[in-house]
Structures are given as structure tokens and as C-alpha cells.
Amino acid sequence: MTTWLLRRLIQAVFVVLVMTVIVFIGLHVIGDPIDILISPEADQAERARAVAALGLDQPLWKQYGLFLWGGLHGDLGRSFVFNEPALQLIGGRMPATMELAVTAVLLSVVIGIPLGLYAGLNPDSLLGRTTMAGSILGFSLPTFWVGLMLIMVFAVQLGWLPSTGRGETAELFGVQWSFLTRDGLAHMALPALNLSLGNIALVLRLTRAGVRENIHMDYVRFARAKGLSPARVVLVHVMKNILIPVVTIIGLEFGSTIAFSVVTESVFAWPGMGKLIIDSINVLDRPVIVAYLMIIVFLFITINLLVDLLYTVLDPRVRLENRQ
Amino acid sequence: MSAALDIPAPPKEETPFQRFAREFADSKLAVLGLVIVLLVAVLAIAAPWIAPQNPYDLAQLDIMDGRLPPGSVSADGLTFWLGTDDQGRDMLSGIIYGLRISLSVGVGSAVIAGVIGSALGLIAAYAGGKIETAIMRLVDLQLSFPSILVALMILAFLGKGVANVMLALVIVEWARYARTARSAALVERRREYIEAAECLALPRWRVLFRHLLPNCMPPLIVIGTIQIARAITLEATLSFLGLGVPITEPSLGLLIANGYQYMLSGKYWISFYPGIALLVTIVAINLVGDHLRDVLNPRLQR
């Protein structure tokens, strides 16, 4: 277990390094770093000073070292637009994205698992078939289009829910959160639903497939023979076996949910880091772009590592395989 | 007694293609999808002859016709069946031209990615060893990041433009082809015909591309169909975010983005109809791809 963990950690660090190289190459070889890192308004003297300060007159490998060193010390440059350290800027927007992503994942569990259970237990019923057909739409419809339709129906036509912004926020642990106020929750409803649609479809299908597979197993027959109620058989015995793949996928999808919040945040003008990165790309605020990419790569690799760990904790069979 | 004996006619030998066509026609939904896909393709290819108006010819546009609801008639007697956008462009024409760009970007990138990815997958399976490990590690790394993130990263460095979007889509897509081609080739390369080809001392590339590749095609065709739909969706998403195609070559995604600001004031058609066109295209391609998977799956063949 320890060797395995160690090997996974080394692998993760290696991937982070590879990604820094890719971002570095993207920044310094494909694009012109002077244009990228120095504000276009800078005059000649400022420019020369900045070139020296950033080490752009150094050989490439040395520059990469400087870039890495800066990254390790939390210094990835200052935003041209906000004149704030890029990392700090993104960190300030992170809670908004996180609460949206977490709500979306929660929604996908709360809606996806019951629907999947129902569709798995009654595959030929009308509702069962409709959910399956609907889940295909959940996969294939573009997120931004669904978001627009949600706005059109619930905000414009019916006028039930607000369509843009975070609404009223309340403070907890020194950070502003929307989910603590009624108004904030109303603002979060549409974007969270929009972000969760793909995940709902995924969880639903996984749950359904799991039910269909497990319901004919011997342990289910045995539990029934013992005289357990059908509800207990499904909710305790079958559920335990279904939840392993579902938890894994939810964990892995958490990363994509954060990445795809770029789209949802732009549609609903949700002031998170996804909206920030799109705005930054549009005004070429490159330090922010680089910082965002590094943060999200780091997040991703951490999430994957945690999911792997969780998997071994949840499923003893995986642990046994690793020991061999 | 000279009554003719009732000898049944010998069953006609079915060519593989006929069998494929018959099995494909089993699903009415898939046939409908195919019809829609063909229709959309014809619309896209023949856009300049079909569209009522050339939406990029400024001489044909009249700003006074701006934001007219569907069914309005312009001063020149042209009926705007789907309304007009803020520039007075006929939305129907805009959509037909938009389809042209969306489809060519989607199909083009899927084909290029398919060629690169399948070749690398085949080479990985056939060569084995370090080459295989290197290629498949790259595939794993690529697939562990969501498509939108990889595309954002590339466009952030390279900037907008049709060529850059296609490059981004190719980089996002190739890995799936590589994985599929490798798994198909791993099964096929142990077959006797490959051994026979190798015994004939045919050159390696010939064994790879003339013998191995054709037998790996079915799963690649299925992946290719689905990937076209994914490419079109991703392109639309990127263009909607303002990172995709430039304003001079608006795809469906950009048309939707342009209408977005008018949606809140109830002028739904500028966004709504391009969206419907995008939706119908994507769903139709997915229907075809889904059924192709069933028809081409050897495990399900009777």
C-alpha cells in the first residue's frame, strides 16, 4: 500500500511537471513572451527592465527554472487588468466556482441515483424508458444551449428564477457564499442544474446498469430468501455494490465539472474563476491564464489521486489486487 | 401428372454491404437520423444556391430590417421565415451558411484526428514495447483532462481562428481514435492472415495499412461518427465563448452567441433557431452513430 501510494505520488508530481513544461512551451516558444508577459502599454525603458527582471535574456532552461521557482513560491505574475497577483485573483473567485460545482455534483447524486434505481428496477416501464432516452439528450446537448433554454423558460417566460449573478451572499470562514442566503440559492438554481445535467445522465446510467447487473446475483436471491423486505435488499445490499463505480465516477467528474463551469459561468454571468479565465483570454491577460491553467492542472491531479485512494478504501478487491 | 414441383428459388447470396444496409434499416430512428444528416450535409454544401440571401454580402443587407420576428417581409419582398438578426440578416440564410462552417470544421478535424490517431494506435499495437508505452501514456494523459480544458489551453496560446480551432479539436480528439485503433489491432494482429502476410515478407507498412487497418475499421467508423458530433459541439461551445471562429465566418455557435443578448428582451429567434439547427444535427449524428455501433459490433452479429 505504501509503495503503491508512493508510486502514485511520484507519478502525480511527474504529470504536474509535464504540464508546467507544456504551459511553459506554449507561453515561451509558441507565443512571444515579451508580448505575453509585459503590458503592451509599457514604454521602452520599462520593457527592458521587465525583460531583465523576468529573465527573458537568459537561456530557455534557466527561464524554465525561474518559472518553476516562481510557481513553487506562489508567484505566477500580476494581472494586467486588475493589477493584482494572478494567484490571489483566481483564489478570490474560487469559492464561487466551488460552490457551484459542489451543488451540481450533489444535484446529480440526488436526482441521478433515484432515477437510475427506478429505471433499473423497471426497465420496461414508461418512466424507465423515458429517463433512458432523456439521458442520451443529457450527454449530447451542448451545455451552453441548455443554459440558454433554461434562462429563456425559467427567467424570461415564467420569471421564476433570476438568470445572472450570484445574488446576496453571506460570510462564512471569511469567504462570501451564495448558498447561505435564500436569494443566493435562487441565483444558484439554474446554473447548478445546467452544470449537473451531463453528470445526472452519467450517474443515472451507471446506477441503472449496476442494478440490472446485480439484481440477478446470488447474494440478492439469498437476501430475498432470508425474507428481507424488497426495499432493504435494494437500498442496502444492492446499493453497496452499485455505489463503488458511482462514487469513482462522481469523483473523477468533479474535475470536469470545474472545467465545464467555464461554459455555465459565462452563460449565467456567474463570477467564478471560469468566467474570469474567459474574460482574461478575451483581453489577453496572460498571467491570469497561466495561473488558471496551473491551478486547474494541480486540482485535477489531486482529485484523481484522492479518487484512487478512495477507491481502494471502498473496494477491498482493489486492495487485494494491488498486494499481488 | 405434370404439375410443376414447387421448388423454392435458391436464396440469393447477400453481399456484406446489403446485409449491413438491411441491419441498419432495422432501426427507424437511425434511418431518420441518417436522412437528417444527409439533408443537413446537402444544405451545407449547396448553401450558396439554396439560401435566400448571402448573409455576408453587405449590399444585400438592410439595417432597417434588423431584429424582425419570424415571418416578416422586407421592403424588397423577401420573407424572413426565421426572422432577422441585429444587422438585418435573414436568419435562415445565416443558419445555412453557419451549418457549412460548423460541419466543415467538425468533419475536417474528425477526419484529420482520425488519420493521425488511428495510425498511432495501429503502430502502438503492432510495434509494442517502448513505442507502445510512450504512445499510450500520452493517450492516458490526454484523456485524463476534459476536452474543453485542453481546447481552452491551446486557443489561449494560439488565439482565435478557424485553423487554430481545428488544430485544437484534432489535439483533443486524436487520443480516442488511438485507443480504439490499438485495442482493435491488438485483437486482429494475432489472426492468421496477419501471420500469412508476415510470412510473405511484405513490407511492414503494407501489413499495417493494407491488412491490419481495413479489419480495424468498424470500431473506428463508430468512434468517428460520435467524434464528429462531439467536435461540432465543442466548436460551437468555443465559438459561443468567443474563442472559436472569427465574426467573419460565423458558425452556429457564434450565431447563438450573437443572439444571446437579445434573448432577455424576448427576441428569442436570433438564438433559438441556430440552436435548433445545431441540436438537430448533433442528435441526428448521434442516432446514426449509436445504431452503427450495434450493427458493426461483431459480438452482436447473428
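Things worth noting here:
- Qualifying chymotrypsin sites (Phe, Trp or Tyr not before Pro) in the stretch A:64-166, where qualification requires a DSSP coil assignment and no more than 14 other C-beta atoms within 10 Å, comprise A:Trp160.
- Taking a span of 20 Å or more along the helix axis (Cα atoms) and a mean Kyte-Doolittle hydropathy of at least -1.0 as the rule, the DSSP H helices of chain A that qualify are A:2-25, A:86-121, A:126-140, A:182-214, A:239-268, A:286-314.
- Separation of the B:Ile112 and A:Lys240 label points, Cα + 7 Å toward Cβ, nm: 5.3 nm
- Hits among lysines - C-alpha to C-alpha of B:Lys160 under 30 Å, sequence gap 8 or more where chains match: A:Lys275, B:Lys267
- Residue-averaged beta-carbon neighbours from other chains (10 angstrom radius) around A:265-277: 1
- Mean separation of Cα pairs under 8 Å and 6 or more residues apart, divided by the residue count, gives the stretch B:86-300 a relative contact order of 28 percent.
- Partner chain coverage, peptide B:286-295 - average Cβ within 10 angstrom: 1
- Summed over qualifying helices (DSSP H, 4 residues or more, each -39500 (n - 2.57)) and divided by its residue number, chain A shows a 222 nm mean residue ellipticity of -24000 deg cm²/dmol.
- Peptide packing: for B:125-132, A:189-196, the average count of neighbouring Cβ atoms within 10 Å per residue gives the ranking A:189-196, B:125-132, highest mean first.
- Pairwise label distance in nanometres, B:Ile131 with B:Tyr262, each label 7 Å out on the Cα-Cβ vector: 5.6 nm
- The fewest-to-most ranking of B:Glu23, B:Glu173 by surrounding Cβ atoms within 10 Å reads B:Glu23, B:Glu173.
- Each principal axis of the Cα cloud of the stretch A:80-122 was taken in turn, and the coordinate range along them, longest first, works out to 58, 13, 10 Å.
- Residues considered: A:Ile301, A:Ile242, A:Ile25. Largest GNM mean-square fluctuation over chain A, using C-alpha springs under 10 Å, is found at A:Ile25.
- Percentage of interatomic Cα-Cα distances in the stretch B:152-248 larger than 19 Å: 54 percent
- Straight-line reach from A:Lys240: taking Cα to Cα under 24 Å and skipping same-chain neighbours fewer than 8 places apart, the lysines in range are A:Lys226.
- Loop-located chymotrypsin sites (Phe, Trp or Tyr not before Pro) in the stretch A:188-293, at most 13 other Cβ atoms within 10 Å (DSSP): none
- The Stokes-Einstein estimate for the stretch A:87-323, based on a Kirkwood radius over Cα pairs and taken at 37 °C with 0.692 mPa s viscosity, is a diffusion coefficient of 167 µm²/s.
- Note on B:Phe20, A:Phe14, B:Phe157: ascending count of other Cβ atoms within 10 Å places them as A:Phe14, B:Phe20, B:Phe157, the fewest first.
- With a simple spin-label model that places each label point 7 Å from the Cα along the Cα-to-Cβ direction, the separation between A:His73 and A:Glu213 comes to 5.1 nm.
- Shielding of peptide B:151-160 by partners, expressed as the average count of other chain Cβ atoms within 10 Å per residue Cβ, is 6.
- What the Cβ-Cβ distance of B:Cys199 and B:Ala25 gives, at R0 = 41 Å and to the nearest 0.05, is a FRET efficiency of 0.50.
- Mean silhouette area of the stretch B:86-300, derived from the convex hull of its C-alpha atoms and averaged over all directions, reads 13.9 nm².
- Among the GluC sites (Glu not before Pro) in the stretch A:197-277, none is located in a DSSP loop while being surrounded by at most 16 other Cβ atoms within 10 Å of its own Cβ.
- By other beta-carbon atoms within 10 Å, ranking B:Leu167, A:Leu235 with the fewest at the front produces A:Leu235, B:Leu167.
Every number here is computed from the coordinates shown, using simple stated rules; none is lab data. Just so you know, these numbers come straight off a predicted model, no measurement behind them. Quick reminder, even Gly has a Cβ in these numbers, built from the backbone with ideal geometry, and neighbours come from all protein chains shown.
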